[in-house]
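The values are calculated or read from the model by the stated rules, or taken from the named source; none is laboratory data. Please read these numbers as outputs of a predicted model, since none were measured by experiment. Reconstructed Cβ throughout: ideal geometry from the backbone, glycine too, with neighbour counts over all protein chains shown. What goes into the accessible areas is simple: the full protein's heavy atoms, side chains included, and nothing from ligands, DNA or RNA. Shrake-Rupley method; radii C 1.70, N 1.55, O 1.52, S 1.80 Å.
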Amino acid sequence: MTLTFTEEQDELRTTLRRFLTEKAPSAAVRDAMDSDEGHDPRLWRQMAGQLGLHGLALPEEYGGSGGGPVELGIVLEETGRALLPSPYFATVALAGQALAASGDEAAKARWLPAIADGSMTATLALAEAGGSWELADVGATAGHGTVSGTKMFVVDGHTADLILVVARTDTGPGLFAVDGDAPGVTRTRLETLDPTRRLARVDLDRAPARRVGPEGDASVYLRTVLDLVAVALAAEQVGGAQACLDAAVEYAKVRVQFGRPIGAFQAVKHKCADLLVRVEGARSAAYHARAVAAEGSSELPVSAALAAACCADAFTRAAKENIQIHGGIGYTWEHDAHLYLKRAKSSEQLFGGPATYRTRLADLVGI
């Protein structure tokens, strides 16, 4: 296993950071989050056409570049750092990874090329009204080519062209592909804390569906998909945490109080130092998890759970401390600090949150 980056991977990060600095500054992020689409369609097309980001982690035979979790993690770290409003996470990190890992050649041939070229958006629907992300709590049902039930907190579910729905059959849970505009599908955008990431309620009433992945009880496959999703989300959270740390340190250098930069005061120094340790610890967990995922190692469940819990905590802590160090200006709408805190708190609850992953980690290691 290697935790270092290749020259090509470093170049990917450099190029993407430069691209997002130019195309997605704070003003553009605010315009996108207030738009009807919730993102900039032109930027979406540029990410696919100019940079090839949508197919970066998809197999070459389906229009991708043949990368994997490491390359995807780099992209998500940078989009998280920029707080980019985009269906990229839902389409590539959720649906794209689920399809690529399915072993269903017909499904991959049908949908992955459209994801790779940016002509399709997609998402994954798991949680229901109770708020649980556990496979054992899935109540939606599938049978005779249809799916019925209600899915909550579906990332970009109100606009996705394709929805991969986790539903229960007589033999166990499985994954089913539903067209976003199919008969029996009702989608409602939810009012949520984070304006940069939209969530939806999806009601399914005998909506036409196609089975994706293994037949019968697909719990093992779905658990692997959720581990890959956890690794992807952890990468995004590391990027957001680093942005908060950078902003806090920079402000501590230039904000003068009592004739001295506030960074010269011991209390602020301690805050920044503690935050650095926390962010670097989260980065280490995230990098290890994506390396494990890239190798297809049996350690993935443990590494994914550890990264998910660690990175969620680090992002939330970094966002809070960033506001504290900025003082009064950090509480204003005009400053971006509150947007990072809202993204941190929203992401913290996706797919179960730190408490769920700590419980899972304890079970996996036999505590």
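Quick notes
- Whether the range 282-367 is rounded, prolate or oblate, judged on the alpha carbon gyration tensor where a/c under 1.5 counts as rounded: prolate
- Applying a DSSP loop filter and a limit of 14 other Cβ atoms within 10 Å to the GluC sites (Glu not before Pro) in the range 46-137 leaves GLU134.
- Separation of alpha-carbon centers, the range 316-367 and the range 52-116, rounded to whole Å: 25 Å
- Residues whose amide H falls under 5 Å from that of ASP161, counting only those 5 or more places apart or on a different chain, are THR121, ALA122, with hydrogens built in the peptide plane.
- Put simply, when 197-203, 229-235, 327-333 are sorted by average Cβ atoms within 10 angstrom per residue, most first, you get 229-235, 197-203, 327-333.
- Probe 1.4 Å, all protein chains present, accessible-area order of MET152, MET33, largest first: MET152, MET33
- Mean Cα-pair separation over length for the chain, i.e. relative contact order, pairs under 8 Å, 6 or more apart, %: 16 percent
- Carbon and sulfur %, accessible surface of the range 4-86 computed with the full protein complex present, 1.4 Å: 46 percent
- The count of lysine pairs in the chain that are at least 8 places apart or cross chains, and whose C-alpha atoms lie under 15 Å apart, stands at 5.
- Shape call, the range 119-158: gyration tensor on alpha carbons, a/c limit 1.5: oblate
- Helix 105-116 and the long axis of the chain differ in direction by around 30°, with both axes built from C-alpha atoms.
- Under the Karplus curve 6.51 cos²θ - 1.76 cosθ + 1.60, θ = phi - 60°, whole-Hz ³J(HN,Hα) for the range 238-244, x wherever Gly or Pro sits: 4, x, x, 5, 5, 4, 5
- Per-peptide average of other Cβ atoms within 10 Å, ordering 336-344, 6-14, 168-176 highest first: 336-344, 168-176, 6-14
- Expressed as a whole percent, the accessible area of the range 256-342 that falls on carbon and sulfur atoms is 59 (1.4 Å probe).
- Per residue, the chain reaches -17000 deg cm²/dmol at 222 nm when only DSSP H runs of four or more residues are counted, each adding -39500 (n - 2.57).
- Multiplying the residue separation of ARG189 and ILE329 by 0.36 nm and subtracting their alpha-carbon distance yields 47.3 nm.
- Cα-based shape type of the range 164-215, given that a ≥ b ≥ c are square roots of the gyration tensor eigenvalues and the cut on a/c is 1.5: prolate
- Folded to 0 to 90 degrees: helix 337-349 orientation relative to the chain principal axis, Cα: 40 degrees
- Where the chain is the region considered: accessible area per residue in Å², 1.4 Å probe: 42 Å²
- Phi angles of the range 357-364 translate, via the Karplus equation with coefficients 6.51, -1.76, 1.60 and θ = phi - 60°, into HN-Hα couplings of 6, 5, 4, 5, 4, 4, 5, 5 Hz per residue; Gly and Pro are given as x.
- Highest average packing first - 34-41, 349-356, 118-125, Cβ atoms within 10 Å: 118-125, 349-356, 34-41
- Atom-type composition of the exposed protein surface of the range 97-224 places 51 percent of the accessible area on carbon and sulfur (1.4 angstrom probe).
- Vicinal HN-Hα couplings computed from phi for the range 15-30 (Karplus, 6.51 cos²θ - 1.76 cosθ + 1.60; Hz; Gly/Pro x): 5, 5, 5, 5, 4, 6, 4, 7, 9, 9, x, 3, 4, 5, 4, 5
- Rg in Å to one decimal, and Dmax rounded to a whole Å, for the range 34-169 via C-alpha atoms: 15.2, 44
- Per residue, the average separation of C-alpha pairs within less than 8 Å and at least 6 apart gives the range 301-341 a relative contact order of 30 percent.
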